[in-house]
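Undergrad: Got a structure for you, written out below as structure tokens; questions coming shortly.
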Amino acid sequence: MSKQYTLMDHLQGQGITRRGFLKFCSITATMLALPPSLIPQIAKALESAKRPSVIWLSFQECTGCTESITRSHAPTIESLIFDFISLDYHHTLQAASGHAAEAAREQAMKDNEDQYILVVDGSIPTGNPGFSTIAGIDNKQMLIDTAKHAAAIVAVGTCATYGGLPHADPNPTNAVAVSDIIKDKPIINVPGCPPIPIVMTGVLAHFLTFGTIPDLDDLGRPKMFYGNSIHDRCYRRPFYEKGLFAETFDDEGAKAGWCLFKLGCKGPTTYNACATAKWNEGTSFPIEAGAPCIGCSQPDFWDNGGFYNALSQPTISIGETAAAAIAAGAVASVAASAIHKSAKAKAAKKHHTVTTDDME
Amino acid sequence: MNSAVKVCTHQNAIPILHEIKHALLKLAENNQATTIDLSSLPMTSQDTEQLLSTLGKGEVNVTLTSAGESTFWETQFPGVWVTQHQPHFSSKQLTYIEICLFPSLLMAQQADITDGLNRLQEIMS
Ligand code: SF4
């Protein structure tokens with residue numbers, strides 16, 4: 001049997017020495033929020049990490065999510081990981097189109113049955129199937145067919161995770177999230193409009209390192225990136241605690257860098273890594289640029305009142321709708337999770353996994 | 001070291017200085033190393049600048065050119081090192097404060113030593 005291409009082979013092929021590889025591992029540890037003491041174990045796991053097959057489906061979306069991850073100007077850890085994976089289908093990026101592209105998807109599904117990662121961006125219209133089709137196949141059907149033999153699904157962006165903009169009131173296409181359709185596979189939600197590239201790569205790096213999906217919160221998001229609210233990690237927090245708020249975008253408080261809560265900041269209710277991972281090669285994040293957080297990684301952020309209304313002024317209709325949805329959703333999700341727990345466990349079982357305990 | 005210690009006044013940098021002090025104590029008493037990852041903390045670029053200027057520069061300055069450029073320097077407090085990986089390898093500049101005798105990433109690796117030995121032998125044969 002021929003030796004399988006590993007991550008170490010890939011890095012060596014790029015002229016990266018062992019020392020460079022260890023540097024790569026230390027950056028990976030940072031990305032996965034793991035302590036530096038685990039670097040030798042991460043190195044051991046990544047050395048032999050096999051190239052995973054990835055099928056990427058884009059439904060009702062603006063391509064911002066793909067832009068976010070592919071817009072690296074130089075070789076970065078994101079592009080190294082992105083180059084390492086075998087991206088077998090991505091209709092925006094691949095050269096093939098029509099039937100040739102669909103044949104590549106089917107071949108990848110056959111060759112990597114129960115092993116491939118399915119990445120989805122965009123919401124799925126459930127109104128008229130003709131609202132969004134690829135090569136004559138409607139989005140819902142393509143999702144169901146491709147999810148069937150996936151090891152795990154990564155829903156990228158707020159459209160795929162919670163419906164996003166297409167799902168916003170009045171939701172003309174009856175758009176839904178991946179998790180509304182697929183119930184028997186592990187789904188990792190990576191919301192954000194768009195998500196932070198390093199968060200997306202972090203999920204792939206976690207899969208390469210541990211062979212499994214990261215710990216998720218109750219909205220299906222990896223806790224290592226979505227475990228803290230923006231407010232928890234905001235550098236303006238000391239001003240919030242002292243009650244020092246900017247009242248307008250150009251008053252003295254705004255100039256002095258005071259808290260943006262009164263200008264509509266959704267940081268207290270938004271869970272994401274913007275405050276530490278930052279954007280544009282680590283330059284800053286919206287709050288650092290003087291704009292309140294709009295809560296783009298939370299469900300229904302488009303419909304949660306005005307972007308510039310303070311959180312303390314909710315609109316009554318939204319409060320009622322949210323309360324009803326929460327009550328109905330809680331009952332439905334408890335029942336559904338019991339039914340689908342075994343199916344998920346079965347899918348996870350087919351994939352070799354390790355844990356941090358194994359590494360210690 | 002005779003340069004004057006500048007006092008760091010910025011609010012988010014002061015807790016890190018406390019953490020460095022505690023880590024340095026552990027290094028002095030038990031030879032125990034600590035790494036602080038600044039990129040996971042709520043810091044603005046001004047916070048980082050103020051922290052690094054308070055730590056200052058000491059006697060050692062190293063550039064590593066493997067897999068993108070990284071710089072290491074010992075601060076004016078021996079045993080407190082700053083490691084910076086430039087953004088062309090990571091999507092942002094990553095800054096770590098390492099409280100240790102010497103940053104381990106700078107040590108030669110067994111696989112690279114063997115590779116170098118082979119190349120030397122080839123040149124000499
Ligand atoms: S600016 Fe927003 S996230 Fe930051 S402290 Fe104020 S309310 Fe919290």
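What follows is calculated from the coordinates using simple rules that are stated; it is not laboratory data. Here the structure is a predicted model, which means the values were calculated and not measured. Reconstructed Cβ throughout: ideal geometry from the backbone, glycine too, with neighbour counts over all protein chains shown.
Undergrad: Tally Lys/Arg at +1 and Asp/Glu at -1 over every other residue whose Cβ is under 10 Å from the Cβ of B:E74; what's the total?
TA: -1
Undergrad: When A:S48, A:S132 are ordered from fewest to most other Cβ atoms inside 10 Å of their Cβ, what list results?
TA: Fewest-to-most ranking of A:S48, A:S132: A:S48, A:S132.
Undergrad: Excluding A:P214 itself, calculate the net charge of residues whose Cβ lies under 12 Å from the Cβ of A:P214, where each Lys or Arg counts +1 and each Asp or Glu counts -1.
TA: 0
Undergrad: Oh, and also: Which of A:V154, A:V178 has the fewest other C-beta atoms within 10 Å, and how do the rest follow up to the most?
TA: A:V154, A:V178
Undergrad: I need to check one value: relative contact order of segment B:3-124, counting alpha carbon pairs closer than 8 Å and at least 6 residues apart, in percent.
TA: Value for segment B:3-124: 23 percent.
Undergrad: While we're on this one: Quick check: pseudo-label points 7 Å beyond the Cα along Cα→Cβ at A:A289 and A:K148, how many nm apart are they?
TA: About 4.4 nm, to one decimal.
Undergrad: Follow-up question, since we're still on this one. From the backbone phi of segment A:282-298, what are the Karplus-calculated ³J(HN,Hα) couplings (6.51 cos²θ - 1.76 cosθ + 1.60, θ = phi - 60°) in whole Hz, Gly and Pro given as x?
TA: Taking θ as phi minus 60°, the curve returns x, 5, 5, 9, x, 4, 5, 8, x, 9, x, 5, 9, x, 6, 9, 9 Hz for segment A:282-298.
Undergrad: Using only Cα atoms and rounding to the nearest 10 degrees, what angle (0 to 90) does helix B:110-124 make with the longest principal axis of chain B?
TA: The angle comes out at about 40 degrees.
Undergrad: Then there is this: So if we plug the beta-carbon distance of B:Q11 and A:Q14 into 1/(1 + (r/R0)^6) with R0 = 35 Å, what FRET efficiency do we get, rounded to 0.05?
TA: The value I calculate is 0.25.
Undergrad: How are the Cα pair distances of segment B:3-124 distributed, in percent, across 10 Å bins from 0?
TA: 12, 38, 31, 12, 6, 1
Undergrad: Tell me the label-point distance for the pair B:V62, A:T248, using the 7 Å Cα-to-Cβ offset, in nm and rounded to one decimal.
TA: 5.5
Undergrad: A further question follows. Give the order of B:C100, A:C259 when sorted by the count of other beta carbons within 10 angstrom, beginning with the fewest.
TA: B:C100, A:C259
Undergrad: Under the definition of partner shielding as Cβ atoms of other protein chains within 10 Å of a residue Cβ, what is the mean value for peptide A:266-278?
TA: Per residue, the average neighbour count from other chains is 2.
Undergrad: I'd like to compare A:159-165, A:93-99: which one has the highest average count of other Cβ atoms within 10 Å, and what's the full order after that?
TA: A:159-165, A:93-99
Undergrad: With a Förster radius of 45 Å, plug the Cβ-Cβ distance of A:H99 and A:A168 into 1/(1 + (r/R0)^6) and report the FRET value to the nearest 0.05.
TA: The value I calculate is 0.85.
Undergrad: Residue separation times 0.36 nm, minus the C-alpha to C-alpha distance between A:K140 and A:S37: what's the value?
TA: Net length gain for the segment: 32.6 nm.
Undergrad: Straight-line reach from A:K278: which aspartates and glutamates fall under 12 Å, measuring Cα to Cα and dropping same-chain residues less than 8 apart?
TA: A:E288
Undergrad: A follow-up question, please. What does the net charge come to around A:R105 if you take all other residues with beta carbon closer than 12 Å to its beta carbon, with K and R at +1 and D and E at -1?
TA: -4
Undergrad: Here's a follow-up. Please identify every one of the GluC sites (Glu not before Pro) in segment B:64-125 that sits in a loop by DSSP and has no more than 16 other beta carbons within 10 Å of its own beta carbon.
TA: B:E69
Undergrad: Sticking with this one: Based on the Cβ-Cβ distance of B:A108 and A:D217, what FRET efficiency does E = 1/(1 + (r/R0)^6) give at R0 = 45 Å, to the nearest 0.05?
TA: 0.60
Undergrad: Going by amide H atoms built from the backbone, whose H comes under 5 Å of the H on B:L94, apart from near neighbours?
TA: Those lying under 5 Å, H to H, from B:L94 are B:H85.
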